[in-house]
Structures are given as structure tokens and as C-alpha cells.
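The values are calculated or read from the model by the stated rules, or taken from the named source; none is laboratory data. Computed from a predicted structure; not experimentally measured. Note that each Cβ is placed from the backbone with ideal geometry, even for glycine, and that neighbours are counted across all protein chains shown.
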Amino acid sequence: MGYAEIYRESIENKEQFWADQAANINWHVPPAEVLSYDESGHSNWFADGRLNMSNLCLDAHVEAGNGLRPAIIYESPATGKSQVITYKQLLDSVSKFAAGMRNLGVGEGSTVIIYMPMIPQAVIAMLACARIGAIHSVVFGGFAPHELAMRIDDARPKLIISASYGIEFGKRIPYKELVDAALEEAKHKPDYQIYYRREEGFDNLGGRNELDFMALMKCGTVGCREVSSTHPLYILYTSGTTGTPKGIVRDTGGYATALKYSMEHFYDVRPGEVFFAASDIGWVVGHSYIVYGPLLHGCATVLFEGKPVRMPDAGTFWRIVQKHKVTHMFTAPTAIRAIKKEDPYGDYVKKYDTSSLRHLFLAGERCDTDTWQWISSLLNKPVTDHWWQTESGWPMLGVMASISGQELKPGSAGRPVCGYDIRVLDEDGAELPHGTEGNIAVKLPLPPGCLTTLWENEMRFRKGYFDRYPGYYLTGDSGYRDEEGYFYVMGRIDDIINVSGHRLSTGEMEEVVAKHAAVAECAVVGIADELRGQRPVALIVTKDGVQTDEAVLEEELIALVRGKIGPVAYFKNVIVVKRLPKTRSGKILRKTICKIADGVPYIVPSTIEDTGVLDELTDAFARRSMGIGFRAIDAA
Ligand code: COA
Ligand code: AMP
């Protein structure tokens, strides 16, 4: 069967379709019920099934005689380390660490925060939580202590697991100090903090509740605790439109089924092959395709601690592909742009043997046609852009690699993945014709693997995703569909921006900036950036009578955002203006600001009070060399 038939089957006969997929994983108790609804009308997949994710990812492979296969290939150009960990070794470490956690009183339903660099111990901690039914919440290391503190207060973990340090372009990130600062700020105090000591002689574990990761592994071993299919495997916080992050909750059975399906049918991977997702375990890509997807499917997963460039050079990815015979690679377009900038003729690509590679997958942001063409012609392998989100947990749009009847169209994010009924709607919820841009929504029910709620915030879950269009899930992205059913995702409809493939809230940045004593009013917008896709820029109106030097204010605000949100925000520019462009009702015209900043033509909004403000803004961006042609300016 080709794409059209299989896709139709997945939508029109969804229960049978997903029951067949669920039969491909090892359940302790196979589900009798496929799709059911709770009292609020939300769908649950396989509600009466019972299983354990750590069992599927580890024990099942060892029991099948594949214990000596590589599970994790750890590559850390940053520290010069390279290590292969087999399934048997990983199972051993996970069951030991899980026993240690259980000795500390962690059990089914306990929450655990993991704030760690890209080291095998981070994966061990995740799988150990899954083993005993604890719910992990991994926080990306590039977030500042304040962000960590917010997540601690929301998830109320029993433990925090961290490491002595992380490494970024050769610079050591003092994780212990960051955790200390977060705990200072957080109201909730976890029972214990566990640190993995990366270096000899790290003896900074003074507190009564500060324990050594390795010491915890000396408490015997523990088996898997079977949990219900709907049991939360993890909470993953992502940016919303306000300063408070949203805790996406993922179930166990639906997620396992969807990931297994996607490994086989979307990515076209076979057990034993080598999957290299160059992302971070702090993001959804890391959860689904560094950890759970490849391990569920019996693949080797590359755990890469480093950067695609300058660590040591722009050949890092291809060197790893050659060394480990990587078959499937996944990264963000921004990483390819960073490589292209340093290796425009692809000398490094040509220097290494990349013949093992069967596919390159790109996601996280829209892939521009130039980047797609550059890497496609150099690798001479299919390069697939695909679209999804933290909320979905696995691809929503793309070209399903194992199914015929689709083509790679540059600029397009592909067609709906089996299970997703995707529509483009106008403001009133009517479907738009081909070629017309509108809000991208998914007709309910969502397939298995998608978010089941927001952590202890059902109200925000409903309001944010379902109230706008009854019967649909609102993705927050806009785009259009062509006549052949291929989608083009154009950007967000809310205040979320995408910087180097990292999802960030401009609303949150505004909340931080507005706290500065000199700021009367501000707007933070995402403007085009050649390398990063987007970057934030703050427009500031200062308080009357406040004498401020723009450069000094800029420095202070950069420090403020870096200190509160983290370096990952890449907040580097502040422009002082006399006023902000607004509608008569006082709404800031963000889209118009972005267009002016990017130097692209715009229609003067009919709702604007005084068009003079637009000229002032054009001058302001030009004064900071951010007017027309900004796209050509190097982000550095
Ligand atoms: N811990 C601590 N700090 C971190 C961090 C982490 N895990 N990740 C990023 N940072 C810091 C960086 O050190 C940098 O700090 P600086 O301003 O002091 O230099 C800042 O956050 C911005 O980082 P980043 O946006 O990553 O920029 P970069 O110049 O270091 O690297 C790229 C640029 C394009 C090479 C890099 O962003 C990249 O590889 N992106 C791919 C993203 C990705 O995989 N996304 C997931 C979706 S698939
Ligand atoms: P995150 O939840 O961090 O994975 O970010 C999800 C958001 O990133 C989506 O809602 C999109 O705005 C954007 N995104 C991800 N992949 C793509 C893609 N292939 N094309 C366009 N935008 C994308």
C-alpha cells in the first residue's frame, strides 16, 4: 500500500490501526480498550494496558539475546571522551541507580528533576525513573537558575539529579552552583540532590542532602514496576505565551506505541542500526529520539556532547557518522547553517565516509531552501524536513521514509503523518482553500503519544489548546497546504520564537525587561537571523525624565535576561525608541515591527493611530544596522 491508502486507514479506521501498532510492543497486560475518553472528553489510548518503559527499552532486548549490542554511543569532543555502552551494561546501571533512588523513598508517581549535561548518566537517570514509575522532568542546561526554580516549584520533585559541570564550547558550566542558586530561590525544597562527579577531586558535596550519583548505585538492583498505560512517563516544560512554562505531560503506553511506529515507519530504521539525533535531552527531540525511540527499537543511539562547529571543527558530525557508521541522522537546520558558514564548499563532508547514512532528518524550525539544497547535494541522501512540537512528542508532518507515494518538496514540511488529521482554519474555524495561509489545527482525537494534559493545570491545557476551535487541537503555528496536500509551515501565531531551534517566549522576556527601573514600556520581538533563524530584539521606551545611555541600558538588560532566563535566550540587542507602534486600542503591532526589522515590505495597518511611528522605527533599526539587509548581518 502507498501513502494515500495507509494514511486513510489511520484516520478512518484509527482504532484498528493503533491496536495493530500497539501489538508491536511488550505489554505486561495488553490493552483490551484502544481508545477511550475521560469525563472531560479527552482521549486516552490503551487505558487498561500495563507496561514499563524501562522494560521495553532495556530488559526486552537483553532477554531477546541482544544484550551485547551497543545501546549508547557517547561522543564528547568537548572532553575527548568516546564510549560504547551495551544494552546489558545500560540495564545494569539503570537497575542499580533505580534501586538507589528507591532507597531514598522515590516511587510510583514521585517527581524527579534532571538538570544535566549530555552524559550517559542523564540517560541512566531518565530510564531509572521510568523503571520505578517515577515521573522525570528534564530541564535544559542552558536555562538559568530562575527557570529551574520555577520548574522545581511546579513539579515539586523529591530529588534533583545533576552533575558537577557541563561544557559549552570549551567553557565549563558550573551546574552545582546553578542548582544551589535555583534552590535558594525555589519555595519547594526537594529531599535530596544527587550529583554525578565528572572530575577527580570534585568535593563540593557538603550539604546533608547532597549525595554522590555513583554512591547511590551501591544499593543492589531493582526490577521494573509495571504501570498503567496512562501513567505519566515525564513532564517536559516548554515555553508558552506567558512567563510560566507549561508542563507537558506524556503518558507511557501511547507514547511507546507512537515512538515504535515512528522509528519503523517514519524514520525507516531497523533494530541494530545507528541513530544520531544531535539535539539535547532537555528538548523533546532528545526525549523521543535520543533516548526512548532508538532504545525501544533496539538501535544504538549517539549521545553527542558538543557543537557541530569549532569542537574541534565543522567536520564533527561527519566524523561521528564515519566512525560509528551512523545510518540515520537528525538535527536542526540551524546546525547545518552553522556548518555551511564554516565549511561553505563542504570540504569536511567530502573528507569523511558518510556512505552509511541513509537519511538526514531536519526539524525544530522551518528549513530554508538554500540550506536544504546545500546539504542534500553534498550528502546525496534524502534530506527530510519534518514538523512537530513538544506537545505532539513525535512527527506530525513529513515524508514517511518507509512508505511510497510521497516526494521531498523543498520548503515544505511534508504531508500529515499517519494518525494526524491536519487542517488549515480561518479565524472562524472554517477550512481554508489550498494556498491560503491560516491556523494549523489537528482534528481530534490526537493519535497516541501526544500530550495528555499540562501538569496540574487542566484549565490552561483546555484553554490553550482546545477552546479556540472545538473539536480541534490548536498547534500555534500558521501555514498553508498545496493542492497535493503538502504543508508549508510559516511561523507562530503567538509570542513564541525559535532561536537556533530552541523554543522561547518573547512574553517571558518582556516580563523580565519590564522589571528594569528605567523601562516604561517594551516589546520583545523575534527578528530574522541568518544563522539562528530568529533572535530576540527588545524595543524600549524609557520612563520620562530618566537619563539613560542606550549602550549601558542594553548591557544591563542583557545581563538581566541572561540571569533570569539563561544564555540560551540569545538576547543581545536593545533599541531605545520614543514610542511603540500600536493599534487604537493599544495593542502593540508586533508583526509590523518584525517586518520593519527584517526589511521586508509591509502593509500599513489600518488600525494604527499615527503612521509616523513606523518611520521612526525604520530609522531606529537602520541606526543599529538592523534595517533593510539585516538578514545579511552575522549574528555574532
Ligand atoms: N548549557 C549551558 N549553556 C548553554 C547550553 C547548555 N546546555 N546550550 C547553550 N548554552 C549557551 C551557549 O553556551 C551560548 O552561551 P554564550 O552566549 O555565553 O556563548 C548560548 O547558550 C546560546 O547558545 P546557542 O544558541 O546554542 O548558540 P551557539 O553559538 O553556542 O551555537 C549552534 C549555535 C547553531 C551551533 C547551536 O545552537 C546548535 O547546534 N543548534 C542546534 C539546536 C538543536 O539541536 N535544537 C533542537 C531541535 S532539533
Ligand atoms: P518545540 O516544541 O520546542 O519542539 O518547538 C515546536 C515549534 O517549532 C513548532 O510549533 C514550530 O513553530 C517550530 N517547528 C518545529 N519544526 C518545524 C519545521 N519543520 N518547520 C517549521 N517550524 C517548525
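Out of all the residues in region 125-157, which are of a type outside the set (S, T, Y), outside any helix (DSSP H, G or I) and closer than 22 Å to G109 by Cβ?
Answer for region 125-157, where residues must be of a type outside the set (S, T, Y), outside any helix (DSSP H, G or I) and closer than 22 Å to G109 by Cβ: G133, A134, I135, H136, V138, V139, R156, P157.
In region 360-370, which residues are touching a helix residue (DSSP H, G or I) at 6+ places or on another chain (Cβ under 9 Å) and more than 12 Å from ligand 2 (Cβ to nearest atom)?
L360, D370
When the residues of region 247-285 are filtered to those that are among the charged types (D, E, K, R) and under 20 Å from the mean Cα position of the chain (by Cα), which remaining residue is farthest from L360 (Cα to Cα)?
Of everything passing the filter in region 247-285, D251 is farthest from L360 (Cα to Cα).
Pick from region 315-327 the residues that are away from ligand 1 (no atom under 11 Å from the Cβ) and hydrophobic (A, V, I, L, M, F, W, C): which of them is nearest to P395 (Cα to Cα)?
That would be V326.
What are the residues in region 163-202 that are under 21 Å from M101 (Cα atoms) and within 12 Å of ligand 1 (Cβ to nearest atom), if any?
Within region 163-202, A163, Y175 meet the criteria.
Check region 220-229 and report whether any residue there is part of a strand (DSSP E or B), crowded, with 16+ Cβ neighbours inside 10 Å and in contact (Cβ under 8 Å) with a residue 40 or more places away in the chain.
yes
In region 196-219, which residue that is in contact (Cβ under 8 Å) with a residue 40 or more places away in the chain and part of a loop (DSSP other than H, G, I, E, B) is surrounded by the fewest Cβ atoms within 10 Å (Cβ to Cβ)?
Residue satisfying both the conditions and the ranking: N204.
I need a count of the residues in region 517-545 that are more than 15 Å from T334 (Cβ to Cβ), of a type in the set (D, E) and either within 16 Å of ligand 2 (Cβ to nearest atom) or within 20 Å of the chain's Cα centre (by Cα) (or both).
0
Restricting the search to region 328-353, which residues are hydroxyl-bearing (S, T, Y) and within 16 Å of ligand 1 (Cβ to nearest atom)?
T331, T334, Y348
Just one of G398, G419, G411 is within 22 Å of T238 (Cβ to Cβ) and either of a type in the set (V, I, T) or within 13 Å of ligand 2 (Cβ to nearest atom) (or both); which is it?
Result of the check over G398, G419, G411: G398.
Restricting region 438-459 to residues that are over 17 Å from S43 (Cα atoms) and crowded, with 17+ Cβ neighbours inside 10 Å, which is farthest from ligand 1 (Cβ to nearest atom)?
G438
Run down G67, G41 and say which single residue is among the small types (G, A, S), part of a loop (DSSP other than H, G, I, E, B) and in contact with a Phe, Trp or Tyr (Cβ under 8 Å, 6 or more places away or on another chain).
G67
The rows are residues; the columns are (1) modelled with pLDDT of 95 or more; (2) in contact with a Phe, Trp or Tyr (Cβ under 8 Å, 6 or more places away or on another chain); (3) within 16 Å of ligand 1 (Cβ to nearest atom).
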position: L539; (1), (2), (3): yes, no, no
position: D549; (1), (2), (3): no, no, no
position: I565; (1), (2), (3): yes, yes, yes
position: K572; (1), (2), (3): no, no, yes
position: K578; (1), (2), (3): no, no, no
position: P581; (1), (2), (3): no, no, no
position: I588; (1), (2), (3): no, no, no
position: D598; (1), (2), (3): no, yes, no
position: Y602; (1), (2), (3): no, no, no
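Looking at region 425-456 only, could you name the residues that are in contact (Cβ under 8 Å) with a residue 60 or more places away in the chain and β-branched (V, I, T)?
Scanning region 425-456 gives T452, T453.
Which residues, taken from region 1-27, are touching a strand residue (DSSP E or B) at 6+ places or on another chain (Cβ under 6 Å) and surrounded by fewer than 13 Cβ atoms within 10 Å (Cβ to Cβ)?
E15
Would you call A430 away from ligand 1 (no atom under 16 Å from the Cβ) and outside the structural domain of T242 (by TED's automatic domain parsing)?
no
Is it fair to say G393 is within 15 Å of ligand 1 (Cβ to nearest atom), in contact (Cβ under 8 Å) with a residue 24 or more places away in the chain and in contact with a Phe, Trp or Tyr (Cβ under 7 Å, 6 or more places away or on another chain)?
Yes.
State the number of residues belonging to region 390-418 that are assigned to a loop (DSSP other than H, G, I, E, B) and either at pLDDT 95 or above or of a type in the set (S, T, N, Q) (or both).
Residues flagged as assigned to a loop (DSSP other than H, G, I, E, B) and either at pLDDT 95 or above or of a type in the set (S, T, N, Q) (or both) within region 390-418 amount to 18.
Just a yes or no: is a residue in region 382-392 surrounded by 15 or more Cβ atoms within 10 Å (Cβ to Cβ), within 13 Å of ligand 2 (Cβ to nearest atom), more than 19 Å from Y255 (Cα to Cα) and under 19 Å from the mean Cα position of the chain (by Cα)?
Yes - at least one qualifying residue is present in region 382-392.
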